[in-house]
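Everything below concerns the one structure shown next.
The values are calculated or read from the model by the stated rules, or taken from the named source; none is laboratory data. This structure is a prediction, so every number in the text was calculated from the model and none was measured. Using ideal geometry, Cβ is built from the backbone for each residue, glycine included, and neighbour counts are taken over all protein chains shown. Please note that ligands, DNA and RNA were not included when accessible areas were found on the heavy atoms of the full protein model with its side chains. Shrake-Rupley method; radii C 1.70, N 1.55, O 1.52, S 1.80 Å.
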Amino acid sequence: IAIFCAVNAPASVSASVATRQLPIYCVERDQKVCSISFDAAWGADNTQKILDVLAKYKVKATFFVVGNWADQYPEQAKAIVDSGNELMNHSNAHDHYNSLSAEQIIADINTCNDKIEALTGIRPTLIRCPFGEYDDHVISAIRSIGMEPIQWDVDSLDWKGISADEISKRVTGKVQCGSIILFHNAGEHTPEALPTILDYLIGEGYSIVPISEILLTGETYLDHTGRQCAGNGK
């Protein structure tokens, strides 16, 4: 529980609202489209169950995995990619990036990227910061190497051990066009909650796509909430 709590600690932003650097929390979309993501930092017991549910519904998701997790569960990491889901970066050792230098952050990201690429042949382009924690120098370091930092606007709170029904109500009550939903592969009731959530989303006409497919291309900007929008923001 302590680890779950740490991972979901509020993001730290040190600069002013006017100048702060933000990750992408969600995307401005007129269409009913959203993305489902899973963070994997420890444990793998539920990973295959989650993959089985996604396959049943023909849904592809994005998994953000820690490099050390991929070391420990290489077959699980391969299974994520082999099933058509995205495998992205969640740091190498789940350190607090706010306390690291830009050089240390970049080295950590590249170490994780190297591990994932060696396992799957695909190099990640997206990262979710450990603990959901960041400040200006963290986001600048990430973008300096062409990576895009991804947060979320819908938190399932599955890490709290809440019931599948509570998880489902949280997600279905908060999702909107362009949402990025946060789950954890080790959430106790996550596999149980997923079918109800997917039934709701599909029934409401949502397309569910990996995060790389929900992001906008061309000229974009982030508004003050971290929503990615088309245009230059002027």
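Counting other C-beta atoms within 10 Å, and keeping those with at most 16, which DSSP coil GluC sites (Glu not before Pro) do you find in the range 151-228? Write out the running numbers ahead of the final one.
Values: sites: GLU166, GLU188, GLU192, GLU204, GLU213, GLU219; in loops: GLU188, GLU204, GLU219.
Loop-located and lightly packed - GLU204, GLU219.
Quick check for you: with a 1.4 Å probe and neighbouring chains kept, what is the accessible area per residue of the chain, in Å²?
Numbers: 9980 Å² over 234 residues.
Value returned for the chain: 43 Å² of accessible area per residue.
For the chain, the percent of C-alpha pairs falling in each 10 Å distance bin, counted from 0 to the bin holding the largest distance, reads 8, 35, 39, 17, 1. Relative protection proxy for 77-89, 97-109, from highest mean packing down: 77-89, 97-109 (other beta-carbon atoms within 10 angstrom).
Could you calculate the FRET efficiency of HIS224 with ASP95 from 1/(1 + (r/R0)^6), where r is the beta carbon distance between them and R0 is 30 Å, rounded to 0.05?
0.60
Relative to one another, the C-alpha centroids of the range 57-85 and the range 146-177 are positioned 19 Å apart.
Please work out the FRET efficiency for the pair LYS56 and TYR200, using the Cβ-Cβ distance as r and a Förster radius of 22 Å; give the result to the nearest 0.05.
Details: r = 15 Å, r/R0 = 0.69.
Efficiency, rounded to the nearest 0.05: 0.90.
Ligands, DNA and RNA left out, the 1.4 Å accessible surface of the range 146-234 is 45% carbon and sulfur atoms. Principal axis extents of the Cα atoms in the range 26-77, from largest to smallest and rounded to whole angstrom, are 41, 24, 12. Normalised size of the range 97-234, defined as Cα radius of gyration per 2.2 N^0.38 Å with N residues, equals 1.17.
Sort 223-232, 50-59 by the packing proxy (mean of other Cβ within 10 Å over each peptide's residues), most packed first. Don't skip to the end; give the middle numbers.
Values: 223-232: 14.0, 50-59: 16.8.
Packing order, densest peptide first, comes out as 50-59, 223-232.
About its Cα centre, the chain has a charge dipole of approximately 420 debye under the convention of +1 per Lys or Arg Cβ and -1 per Asp or Glu Cβ, with nothing else charged.
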